[in-house]
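Below: the structure, in structure tokens.
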Amino acid sequence: MSSQSLSGKRVLTLGPDLAGLAAGPLAGARIEAAGLERLIGVSAVDADLVLIDADAWSPPALAAAVQALSLCAAPPPVLLVGSHLPTAVVRGLLRLDRSDVLDAPYAPEVLGAVIATLLEAPAPAAQPAAPPHAVEVARCWAVVGAVGGSGATTIAIEIATQLCARQVKDKSVCLIDLNLADGSAAAYLGAHPTLRLADLGMAAEKLDAAMLQAFVTPVTSQLDLLAAPRDPDAFDAAPREAILRMLEIACESYDWVILDMPRHRRSWTLEALGGCDEMLVVSELTVPALLAARSLSDEIERDLGSGQKPKIVLNRLASRMFGPAPSMTEAEKALQRKAEAGISSDWEAAAASVNLGGPIATHRPKSKIVKDIQTMVERLAAHAARGGVKAA
Ligand SMILES: Nc1ncnc2c1ncn2[C@@H]1O[C@H](COP(=O)(O)OP(=O)(O)O)[C@@H](O)[C@H]1O
Ligand SMILES: [Mg+2]
């Protein structure tokens with residue numbers, strides 16, 4: 001392409017080495033040098049062409065950025081150049097209507113010709129905008145353990161599974177593991193965690209329902225999981241606003257959202273809990289756990305200051321034959337309140353399900369755990385249906 005025909009075209013370049021093209025194949029164009037985050041939500045209104053140097057970015061970051069691009073309503077044409085073109089990135093590009101790749105080294109005329117072809121390709125017809133509609137907001141329940149190992153993740157997974165069984169629609173329930181650094185929900189479900197927190201942080205302001213899908217792992221046709229890969233620095237990887245925005249969009253996208261909450265308070269904890277219809281504090285039947293459950297529940301109630309009260313779920317109820325564990329009545333005395341529900345102990349079923357990967361309801365449907373969770377979910381859902389919670 002001659003510099004004449006590029007004159008006035010807006011070209012977004014990603015990669016410092018592309019700056020040199022301004023005097024060559026990109027002469028005459030209005031060039032904006034940018035980083036990968038610029039691709040989130042970019043449209044043909046922002047640029048006539050996106051030119052990416054694959055060698056300038058790490059393949060996972062680039063793959064995520066290209067994925068974000070494919071979720072844009074009307075992405076501009078994209079040309080990827082470089083000496084290493086990662087397969088995942090190229091596959092992502094193939095989803096775009098107008099894209100091409102060029103192996104480096106290339107002659108300036110070849111680059112010019114490829115750009116000309118891309119610019120001449122007709123833009124796909126714009127999709128008609130969806131009619132405005134009232135956004136239905138999900139019922140959101142949070143589950144938090146009073147002490148580590150009390151069974152919060154197990155119960156969150158079983159609740160999500162029971163809710164799926166009550167739905168007819170696909171993708172109706174989302175389980176969100178907010179133990180960002182070392183959550184176990186994905187491992188328990190035998191699923192691959194795909195919530196990239198750094199990308200979520202970059203996308204936060206523009207995050208919408210379509211973009212959220214780039215971060216979820218489908219577990220079954222009805223259940224989606226939002227869980228981050230293990231990373232000791234995960235809690236610093238995405239700012240508070242990004243986490244809250246993710247929760248907001250998830251609540252707009254699903255009928256039910258279940259949060260597996262970290263026990264330690266983060267900057268977003270109270271706001272996340274404040275948006276929930278139910279908060280369940282899970283305790284096991286030991287005196288320290290019961291005391292911790294009482295304190296945690298009091299702290300949450302006090303600091304929310306909205307009148308919302310966590311409910312306490314006693315997990316791993318066992319027959320007294322097996323030792324001096326407190327009974328449910330004794331536990332309620334220590335808690336100084338009634339428990340919402342008791343879940344039976346069944347180590348074999350719990351272990352089998354995590355070892356096989358999947359809910360207990362799938363691998364050991366006859367376990368008492370499944371029956372107890374079902375009873376609890378039915379009661380809580382009936383309460384929700386009567387509108388006995390959160391003002392919308
Ligand atoms: N009702 C139960 N009966 C038997 N084992 C259970 C039960 N609930 C949870 N477990 C087991 O207890 C351990 C800790 O559970 P987990 O859900 O990871 O707790 P948390 O998320 O609170 O740290 C896991 O091995 C899990 O399989
Ligand atoms: Mg857990």
Mean Cβ neighbour count within 10 Å, used as a protection proxy, ranking 368-378, 79-89 highest first: 368-378, 79-89
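Using R₀ = 35 Å, calculate the FRET efficiency as 1/(1 + (r/R₀)^6) where r is the Cβ-Cβ separation of Q336 and R230; round to 0.05. All intermediate terms of the calculation are to be shown ahead of the outcome.
Working: r = 37 Å, r/R0 = 1.07.
Between Q336 and R230 the formula returns 0.40.
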The chain - share of DSSP beta bridges that are antiparallel (%, nearest 5): 5
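Hey, what's the Cα Rg ratio for the chain versus the globular rule of thumb, 2.2 N^0.38 Å?
Scaled against compact globular proteins, the figure is 1.20.
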Nonlocal amide H pairs with S99, under 5 Å, H built at 1.01 Å: V78
Extension gain (nm, one decimal) between V90 and K366, 0.36 nm per residue minus Cα-Cα: 94.7 nm
K9 long-range amide H proximity, modeled H, under 5 Å: R30
Charge dipole of the chain about the Cα centre (unit charges at C-beta), most positive-ward option of S221, S99, G28: S221
Simple label model, 7 Å out from Cα along Cβ direction - S295 to E248, nm: 3.4
Separation in nanometres of the label points that stand 7 Å from Cα toward Cβ, at A19 and S267: 3.2
Cβ charges +1 (Lys, Arg) and -1 (Asp, Glu), total dipole of the range 243-366, debye: 400
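Show me the ranking of peptides 189-198, 263-272 by mean Cβ neighbours inside 10 Å, starting with the highest.
Numbers: 189-198: 19.6, 263-272: 15.9.
Result, highest mean Cβ count within 10 Å first: 189-198, 263-272.
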Computed E for S5/D208 - FRET, C-beta separation, R0 35 angstrom, nearest 0.05: 0.50
Proxy reagent accessibility, fewest Cβ within 10 Å first, across F215, F235: F235, F215
C-alpha center-to-center spacing [the range 6-50, the range 207-269] in angstrom: 32
Under the Karplus curve 6.51 cos²θ - 1.76 cosθ + 1.60, θ = phi - 60°, whole-Hz ³J(HN,Hα) for the range 207-219, x wherever Gly or Pro sits: 4, 9, 4, 5, 5, 4, 4, 5, 9, 8, 10, x, 9
Computed lengthening from E32 to V287, 0.36 nm per intervening residue step minus Cα-Cα distance: 85.5 nm
Cβ-Cβ FRET estimate between D182 and A125, R0 fixed at 35 Å, reported to 0.05: 0.15
Reach of K206 by Cα under 16 Å, taken over aspartates and glutamates that are not fewer than 8 positions away in the same chain: E37, D46, E241, E248, E252
Stretchable slack from S327 to E378, in nm (0.36 nm times residue separation minus alpha-carbon distance): 16.0 nm
Sequence-distant residues sharing a close amide H with G190 (under 5 Å, placed H): G358
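Quick one: which of 343-351, 304-312 comes out on top by average Cβ neighbours within 10 Å, and what's the full order, highest first?
In descending order of packing, they fall as 343-351, 304-312.
Can you put L102, L356, L21 in order, fewest other beta carbons within 10 Å first?
Going from sparsest to densest Cβ surroundings: L356, L102, L21.
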Average silhouette area of the range 3-120, convex hull of alpha-carbon atoms, in square nanometres: 6.1
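Every read-out reported here was derived from the displayed coordinates using simple, explicitly stated rules and does not represent laboratory data. Since the structure is predicted, the reported quantities are computational estimates derived from the model, not experimental observations. Glycine also receives a Cβ, built like all others from the backbone with ideal geometry; neighbour counts cover every protein chain displayed.
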